[in-house]
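Take a look at the structure below.
The values are calculated or read from the model by the stated rules, or taken from the named source; none is laboratory data. The shown structure was predicted, so the numbers you read here are calculated from the model rather than taken from an experiment. Glycine gets a Cβ as well: all are built from the backbone with ideal geometry, and neighbour counts include every protein chain shown.
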Amino acid sequence: ILEHICYEFCDTPMMELLRPSLEEAFVIQNQQVALDYIGKRGSTVGATREKRIRYAKEILQREMLPHVGVGEYCETKKAYYFGYIIHRLLLCVLGRRAEDDRDHYANKRLDLAGPLLGGLFRMLFRKLTRDVRSYVQKCVENGKDVNLQFAIKAKTITSGLKYSLATGNWGQANAAGTRAGVSQVLNRLTYASTLSHLRRLNSPIGREGKLAKPRQLHNSHWGMMCPAETPEGQACGLVKNLALMVYITVGSAANPILEFLEEWSTENFEE
């Protein structure tokens, strides 16, 4: 743990900051106990130890740092990355590194129509798989034949997509974490108003907050945000508009970079 976080054992101040955490976690001596500890704090109330461990493994593999990897042998990469996160945090606590500017646009990501629809479909598809699993389980327990027509309900995905696009509430109906006002009727009053509506950005910050920094113009907005167009009132500075010539980049394949690193004899964590 110390190798992944401190990097150098001679860094006494950083190791002293980690001492309370290590002393508290001293009772956990192997991987199975650690996974069971995580599983007990999830939605597995009354489940067996094996189910809790399986649940914890799935959370760590699929939900924690998914951009690093979601494969079976990505634990090493995630351990190094998680250690790097804590290392940077401790550097900030010790005053060796300045705090990150949360209003800088290098630290932000725009959630556009594609990822939003992809996330919604993923959520609805998960619900469909859960329904199919419970139906098949009931059929097996009762000794009945499995009928795919009853097992797969096409309305689950269709109705979910229609509900979100029609109401603007992004997510499942009556579910926690549903965002309001994501889909809107496009303004067609004038050509300029249509362009403005298509390029509108909404910051996920409460309108009642009195913090001035998120509302002010930042140096990193140069060439990306319109410095003048923003509504009056509570949403001032929180609802922005993209500049007319802005192009938003999307994710690209990592294979060329990985091949380049392999050519230069970079060590792979998974090997």
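Quick notes on this structure:
- Boolean, residue 62 is assigned to a helix (DSSP H, G or I) and closer than 24 Å to residue 91 by Cα: no
- Tally, over region 65-79, of residues that are surrounded by fewer than 13 Cβ atoms within 10 Å (Cβ to Cβ) and touching a residue at least 12 places away in the same chain (Cβ under 8 Å): 1
- Looking only at residues of region 92-116 that are touching a residue at least 12 places away in the same chain (Cβ under 8 Å) and either in contact with a Gly (Cβ under 9 Å, 6 or more places away or on another chain) or aliphatic (A, V, I, L, M) (or both), we find that the one that is surrounded by the fewest Cβ atoms within 10 Å (Cβ to Cβ) is 106.
- For region 231-245, a residue qualifies if it is part of a loop (DSSP other than H, G, I, E, B) and within 20 Å of residue 101 (Cβ to Cβ), and the qualifying residues are 237, 238.
- Among the residues here, residue 121 qualifies as within 30 Å of residue 242 (Cβ to Cβ), under 19 Å from the mean Cα position of the chain (by Cα) and free of Cβ contacts under 8 Å to residues at least 60 places away in the same chain.
- Checked against the criterion of being within 30 Å of residue 253 (Cβ to Cβ) and in a helix (DSSP H, G or I), the candidates 102, 54, 88 yield just one match: 88.
- The set of residues in region 130-152 that are surrounded by 12 or more Cβ atoms within 10 Å (Cβ to Cβ) and within 25 Å of residue 62 (Cβ to Cβ) comprises 131, 132, 135, 136, 151, 152.
- Subset of region 58-112 [farther than 30 Å from residue 239 by Cβ and in contact with a Ser or Thr (Cβ under 8 Å, 6 or more places away or on another chain)]: none
- Selected residue (criterion: modelled with the lowest pLDDT) from residues of region 179-216 that are among the small types (Gly, Ala, Ser) and either part of a loop (DSSP other than H, G, I, E, B) or closer than 15 Å to residue 110 by Cα (or both): 209
- Test result for residue 196, assigned by TED's automatic domain parsing to the domain that holds residue 126 and of a type in the set (Gly, Ala, Ser): no
- Among the candidates 182, 239, the residue that is within 27 Å of the chain's Cα centre (by Cα) and touching a residue at least 60 places away in the same chain (Cβ under 8 Å) is uniquely 182.
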